[in-house]
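**Student:** Structure incoming, see below.
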């Protein structure tokens with residue numbers, strides 16, 4: 001702290017209960033407290049104690065290291081003890097503050113939504129080993145392996161391999177599901193995992209006439225997520241696919257047990273090496 005190079009606000013905040021919010025922030029610079037730390041009323045400024053909620057304490061905790069003008073800031077799971085709504089509010093405030101003070105910040109989190117919404121660049125680590133670095137959209141759209149694909153969003157991940165036949169190039173999943181691939185850029189042994197997102201597939205009533213990248217299946221599970229419905233569809237004995245369908249009021253949703261057709265948009269299928 002004395003060198004002004006790195007500041008780390010602690011997750012437990014370590015706030016002094018007898019100090020007001022302003023002094024709680026200034027304590028990072030080791031300023032002496034005023035003779036009368038109390039006596040104020042109103043907001044979380046001079047003369048007001050830090051708000052009792054986690055957001056108020058967290059705000060003081062994050063502001064304290066910024067006050068001493070460090071070279072960069074390390075935030076280690078700063079929102080982990082907040083409820084869902086307060087987490088959304090606080091991450092927006094942290095992002096606005098970071099933009100305002102133009103301070104390089106490393107934000108450590110296990111929450112994929114936090115990582116995607118607050119970061120300019122993400123570094124994904126698995127057991128301390130760097131897997132991929134890039135923008136949130138780059139990592140979401142083009143993950144290099146199973147771990148990154150599964151960490152940054154929900155994904156269909158099918159084990160198998162690439163085959164080249166007289167009919168073209170295809171990915172054959174371990175359960176027997178076949179996904180036709182474009183002829184360019186794929187060769188036998190190129191990849192062991194086919195990946196696509198739930199929104200890269202569509203669901204419709206059973207239609208035996210559909211073929212190619214459409215598969216008959218049965219709805220095994222349904223989740224209502226507000227703006228969309230996520231279905232788990234068993235397309236063979238060993239393979240189930242996740243499919244997102246937009247929720248529209250008055251539109252009939254499929255029920256568990258319904259026979260349906262799942263069509264995969266092959267333009268968004270990626271073959272990963274591991």
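**Student:** Any idea which of 274, 189, 176 is at pLDDT below 90, surrounded by fewer than 16 Cβ atoms within 10 Å (Cβ to Cβ) and more than 27 Å from residue 140 (Cβ to Cβ)?
**Tutor:** Matching residue, one of 274, 189, 176: 176.
**Student:** If you check residue 244 against the conditions, is it within 30 Å of residue 139 (Cβ to Cβ) and modelled with pLDDT of 90 or more?
**Tutor:** yes
**Student:** When you go through (1) in contact (Cβ under 8 Å) with a residue 12 or more places away in the chain; (2) within 29 Å of the chain's Cα centre (by Cα); (3) not in a loop (DSSP other than H, G, I, E, B) one by one for residue 260, which number turns out not to apply?
**Tutor:** Of (1) in contact (Cβ under 8 Å) with a residue 12 or more places away in the chain; (2) within 29 Å of the chain's Cα centre (by Cα); (3) not in a loop (DSSP other than H, G, I, E, B), only one is false for residue 260: (2).
**Student:** Considering 168, 175, 191, 128, which residue is touching a strand residue (DSSP E or B) at 6+ places or on another chain (Cβ under 9 Å) and on the phi > 0 side of the Ramachandran plot?
**Tutor:** 168
**Student:** Tell me which residues, restricted to region 140-152, are in contact (Cβ under 8 Å) with a residue 24 or more places away in the chain and over 17 Å from residue 264 (Cβ atoms).
**Tutor:** 140, 142, 143, 144, 145, 146, 148, 151, 152
**Student:** Moving to a separate point now. Inside region 163-254, counting only strands (runs of 3 or more DSSP E) that do not spill past its ends, which hold 3 or more residues that are in contact (Cβ under 8 Å) with a residue 12 or more places away in the chain and within 27 Å of the chain's Cα centre (by Cα)?
**Tutor:** Correct list: 193-196, 201-205, 214-224, 228-234, 240-246.
**Student:** Moving to a separate point now. How about region 78-94: which of its residues are outside any helix (DSSP H, G or I) and surrounded by 14 or more Cβ atoms within 10 Å (Cβ to Cβ)?
**Tutor:** The answer is 78, 79, 80, 81, 82.
The values are calculated or read from the model by the stated rules, or taken from the named source; none is laboratory data. Since this is a predicted model, take the numbers as computed values, not measurements. With ideal geometry, Cβ positions are generated from the backbone for all residues, glycine too; neighbour counts draw on all protein chains shown.
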